[in-house]
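Report on the following structure.
Every number here is computed from the coordinates shown, using simple stated rules; none is lab data. Please read these numbers as outputs of a predicted model, since none were measured by experiment. Note that we place each Cβ from the backbone using ideal geometry, even for glycine, and neighbour counts take in every protein chain shown.
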Amino acid sequence: MDKTDYILIGVLVLVLAGLAYAAAGWFWPGSASPSVNVAAPSVSAAGSRTIGSGSTDQGDVSIELTPLGFKDGRFLVTIAANTHSVDLSPFDLSEITTLTYDGRAIKPVAAPSLSGHHASGTLEFDTGKEPSKFTITITGIPAVSERVFDW
């Protein structure tokens, strides 16, 4: 065999490996091909969509809120905070978060502690009933000074 034969065999091996990789992604999604998560509104158990604000770019924080519903006199909302560059520990969600509904504005009675670069948990508001229309405002977290989430 000469040099040309080795090159042709090498190219053939590469083509077959590429086809095998593509076939694995076709028949077993997620096992061979990378996936991209696209942020889109989703529906929670309470029928309310997830709303996001911000990004994980330098100096910014991505915040996502999802209303869960009403339980034991409290309105529950999940929160997820993610960043690559901001320390979340200085921010106290019980102080910087407000729920506005039916002409009232209240602070959460329970809120997760933020720390590091990734945090999540449940905000709990003592509403006595499940609000149908409401706004949650979070202030002071970079790079958006006031984040307003409307449902």
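Here's the list of aspartates and glutamates a cross-link from Lys129 could span, going by alpha-carbon distance under 19 Å and ignoring same-chain residues fewer than 8 apart: Asp72, Asp102, Asp150. The convex hull defined by the C-alpha atoms of the range 45-151 has an orientation-averaged projected area of 5.9 nm².
Amide hydrogen proximity for Arg49: with H placed 1.01 Å from N in the peptide plane, the residues at 5 or more positions away or on another chain lying under 5 Å are Ser44.
The ranking of Phe149, Phe70 from fewest to most other beta carbons within 10 Å of each one's beta carbon is Phe70, Phe149. Sorted ascending by nearby beta carbons within 10 Å, beginning with the fewest, Glu64, Glu95 become Glu95, Glu64. In this structure, the amide hydrogen of Thr78, modeled 1.01 Å from its nitrogen in the peptide plane, lies closer than 5 angstrom to those of Thr66, Leu68, Leu123, counting only residues at least 5 positions away or on a different chain.
Leu88 sits among other residues whose Cβ lies under 15 Å from its own Cβ, and their net charge, with Lys and Arg +1 and Asp and Glu -1, is -4. Taking 18 Å as the straight-line reach from the Cα of Lys71, the aspartates and glutamates in range (excluding those fewer than 8 positions away in the same chain) are Glu124, Asp126, Glu130.
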